[in-house]
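The structure appears below as C-alpha cells.
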Amino acid sequence: MPPSRIRVHRRVLTALLAVGALARPAAAQAVLPFGLGEALRYEVRIAPFGTVGTARMWIEGPVEEQGIPTWRLRSEIEAGVGPVRGLDRTSSWLDPVTGGILRFEKTEDHPLSRGEERVRVDRTAQRWHDAAEGREGPLGAAVPLDELSFLYFLRTLPLEHDTVLVVARHYDADRNPTRVTIRGHEVVSTPAGIFRTRVIEMEVRDPRRYHGVGRIRINLDDDVCRFPVRIESRMPRLGVTTLVLAGWAHPPRYPGAVTC
C-alpha cells in the first residue's frame, strides 16, 4: 500500500477509536490522538496590539483522583499590554477510559477581574460542587467535560465531512448545549511552520466570560494528532484574542512522548 494511503487509514482508525473512548466507558484505554507528555507552546495575539504574551497546554500524569488514574490537562496563559497583565491557569482531571472529568480548577487574575473555580464531580450522585464559589448542581452529562477537556474532545471527532453537531457534555447543565460546526480546510502559517488545518467553529454558553453566547474558531492540524494550530475567541474588553502555535516541548518525565 502506498505511504499516503497508509497515513490516511491510520488517521481514520485513530479518530474512530478515540471517539469511542471519549463517548462511552471502555474495558481498556483506547488509542487517543493525544497522550501523556504532549506539550504545546503558543503566542498570544490581541488585535490591534500584536503579540502580547505566551500560552502553554500540556498533559501530566497519571494522577490519582478519587481512586481513579487520570490525566491532568493543564493550560496557562499570560498576556497583557505594557504593565497591564493577566494570568489564567486551568487544570482538568480527565479519565482517559471513560472520557469524562473528575475535577476542574481555574484561576483568573486580571487587572479588572479575578475568579476561581474548584469543581469536583461526584459520579455516584451525578452531581458537581464548586468549593470556591459554593455552587453545585446535577451533572449536565453522564460523561461530563469542562472548557479545557472539551478542546481535547474536539480532537477525537471525525472531521472528514462538513457538519453541525449539538453537544451537551458540560458538567454544568446551564452551559449546555455547545454548537460545533465543522467547516472546510485552511492553510495556516505559524512560528512553528505551515499547517493544513480543519476549521472548527463553536458557540459556547458562558455568561461569565461572554455575557451570553461566545464564539470560538479553532484550526486543528489535519493529521493524526490534530493539535490546535490556532485558537481565536472574542472576549469582552479585550476584543479578538488569538493563540498561535509556536512549538513543542516535552517535560523530562516523558522522554518517550512522540511529537506528531
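The values are calculated or read from the model by the stated rules, or taken from the named source; none is laboratory data. From a predicted model like this one, the values you see are computed outputs, not experimental measurements. Cβ sites come from the backbone with ideal geometry, for glycine too, and all protein chains shown count toward neighbours.
For segment 106-138, which positions are in contact (Cβ under 8 Å) with a residue 24 or more places away in the chain and either surrounded by fewer than 14 Cβ atoms within 10 Å (Cβ to Cβ) or in contact with a Cys (Cβ under 7 Å, 6 or more places away or on another chain) (or both)?
Matches in segment 106-138: 111, 112, 137, 138.
Going by the structure shown, is residue 179 surrounded by fewer than 17 Cβ atoms within 10 Å (Cβ to Cβ) and touching a Ser or Thr at 6+ places or on another chain (Cβ under 8 Å)?
On the way: surrounded by fewer than 17 Cβ atoms within 10 Å (Cβ to Cβ): yes; touching a Ser or Thr at 6+ places or on another chain (Cβ under 8 Å): no.
For residue 179, the condition - surrounded by fewer than 17 Cβ atoms within 10 Å (Cβ to Cβ) and touching a Ser or Thr at 6+ places or on another chain (Cβ under 8 Å) - is not met.
Which of the following residues is over 14 Å from the mean Cα position of the chain (by Cα) and either closer than 16 Å to residue 245 by Cα or at pLDDT 95 or above (or both): 180, 213, 143?
143
Do we find a residue being under 26 Å from residue 132 (Cα atoms), at pLDDT below 95 and among the basic types (Lys, Arg) anywhere in segment 19-31?
no
Of the residues that sit in segment 31-55 and are among the aromatic types (Phe, Trp, Tyr) and in a loop (DSSP other than H, G, I, E, B), which one is farthest from residue 149 (Cα to Cα)?
49
Contact list please: Cβ distance under 7 Å, first residue in segment 162-180 and aliphatic (A, V, I, L, M), second residue part of a loop (DSSP other than H, G, I, E, B) and surrounded by fewer than 21 Cβ atoms within 10 Å (Cβ to Cβ), pairs at least six apart or on different chains.
166/177; 167/177; 168/140; 168/141; 168/176; 168/177; 173/140
Here is a check on your reading of the model: is residue 188 among the β-branched types (Val, Ile, Thr), at pLDDT 95 or above, farther than 30 Å from residue 116 by Cα and in contact with an Asp or Glu (Cβ under 6 Å, 6 or more places away or on another chain)?
Against the criterion (among the β-branched types (Val, Ile, Thr), at pLDDT 95 or above, farther than 30 Å from residue 116 by Cα and in contact with an Asp or Glu (Cβ under 6 Å, 6 or more places away or on another chain)), residue 188 does not qualify.
With the structure loaded, tell me whether residue 188 is touching a residue at least 24 places away in the same chain (Cβ under 8 Å) and within 20 Å of the chain's Cα centre (by Cα) or whether it fails that test.
Against the criterion (touching a residue at least 24 places away in the same chain (Cβ under 8 Å) and within 20 Å of the chain's Cα centre (by Cα)), residue 188 qualifies.
Those residues that are among the hydrophobic types (A, V, I, L, M, F, W, C) and in contact with a strand residue (DSSP E or B) (Cβ under 8 Å, 6 or more places away or on another chain), I need them from segment 106-142; list them, please.
If the condition is that a residue be among the hydrophobic types (A, V, I, L, M, F, W, C) and in contact with a strand residue (DSSP E or B) (Cβ under 8 Å, 6 or more places away or on another chain), then 119, 121, 128, 131, 132, 139, 141 are the ones that fit.
Just for segment 161-176: of the residues that are surrounded by 15 or more Cβ atoms within 10 Å (Cβ to Cβ) and among the charged types (D, E, K, R), which one is modelled with the lowest pLDDT?
The selected residue is 175.
Which residue is farthest from residue 234 (Cα to Cα), if the candidates are limited to segment 27-78 and must be buried (at least 19 other Cβ atoms within 10 Å of the Cβ) and among the hydroxyl-bearing types (Ser, Thr, Tyr)?
Step by step, filter segment 27-78, then rank; the result is 70.
For residue 64, indicate whether it is under 26 Å from residue 241 (Cβ atoms) and assigned to a strand (DSSP E or B).
no
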